[in-house]
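Chemist: Structure provided below as structure tokens; questions to follow.
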Amino acid sequence: MTKQIITLSDNAAQRIKEIMSNAEKDSLGVRVGVKSGGCAGMSYVMEYTKEANPNDEVVEDKGVKVFIDSAAVMYLLGTEMDFKKEKFSSQFVFNNPN
């Protein structure tokens, strides 16, 4: 069995379920990608996806689908996606050992 590119915490999976319940009916899941910017030169981006790209990696975990943009795979290997809720903010957090 191969290791998933990313794993989802229970909080992240629950938040994705909440987001998807408000998404347009034809949305399949969320897509995670990377773009230039952020402290390490890259930042993570998330968006709804209505269709799977042929090169996407699909992670199904805890009842949700996360599509990984092919350009982001090498940056996300071994990452845990979490969702943190604090007093004044809430956000997805990527715990990347790399």
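The values are calculated or read from the model by the stated rules, or taken from the named source; none is laboratory data. Treat the numbers as computed from the prediction; the structure is a model and nothing was measured. Using ideal geometry, Cβ is built from the backbone for each residue, glycine included, and neighbour counts are taken over all protein chains shown. For accessibility, only protein heavy atoms count, side chains too; no ligands or nucleic acids. Shrake-Rupley method; radii C 1.70, N 1.55, O 1.52, S 1.80 Å.
Chemist: For region 49-94, what are the residues that are part of a strand (DSSP E or B), out of contact with any Leu (no Cβ under 8 Å at 6 or more places or on another chain) and not charged (D, E, K, R)?
Modeler: Scanning region 49-94 gives Val58, Thr79, Phe83, Ser90, Gln91, Phe92, Val93.
Chemist: Name the residues in region 80-92 that are open to solvent by less than 40 Å² (accessible area, probe 1.4 Å) and farther than 12 Å from Val32 by Cα, would you?
Modeler: Let us first name the residues in region 80-92 that are open to solvent by less than 40 Å² (accessible area, probe 1.4 Å), namely 81-83.
Once the filter is applied, which keeps residues that are open to solvent by less than 40 Å² (accessible area, probe 1.4 Å) and farther than 12 Å from Val32 by Cα, region 80-92 yields Asp82, Phe83.
Chemist: Right, something else. What number of residues in region 46-60 are under 16 Å from Met74 (Cβ atoms) and at pLDDT below 90?
Modeler: Within region 46-60, the subset under 16 Å from Met74 (Cβ atoms) is 55-57, 59.
Within this subset, residues satisfying the condition of being at pLDDT below 90 are none.
Number of matching residues: 0.
Chemist: Restricted to region 5-25, and to residues that are among the acidic types (Asp, Glu) and modelled with pLDDT of 90 or more, which residue is farthest from Tyr48 (Cα to Cα)?
Modeler: Asp10
Chemist: Okay, next question. Give me the residue from region 55-68 that is touching a residue at least 40 places away in the same chain (Cβ under 8 Å) and either open to solvent by less than 70 Å² (accessible area, probe 1.4 Å) or among the small types (Gly, Ala, Ser) (or both) and, out of that set, farthest from Val93 (Cα to Cα).
Modeler: If we filter region 55-68 for residues that are touching a residue at least 40 places away in the same chain (Cβ under 8 Å), which is where we start, we get 57, 59, 61-64, 66, 68.
Subsequent filtering for residues that are either open to solvent by less than 70 Å² (accessible area, probe 1.4 Å) or among the small types (Gly, Ala, Ser) (or both) retains 59, 61, 63-64, 66, 68.
Values: Val59: 17, Asp61: 17, Gly63: 19, Val64: 17, Val66: 15, Ile68: 15 Å.
Among residues in region 55-68 that are touching a residue at least 40 places away in the same chain (Cβ under 8 Å) and either open to solvent by less than 70 Å² (accessible area, probe 1.4 Å) or among the small types (Gly, Ala, Ser) (or both), the one farthest from Val93 (Cα to Cα) is Gly63.
Chemist: Limited to region 17-54, what total is found for residues that are open to solvent by 30 Å² or more (accessible area, probe 1.4 Å) and under 10 Å from Phe67 (Cα atoms)?
Modeler: The qualifying residues number 7.
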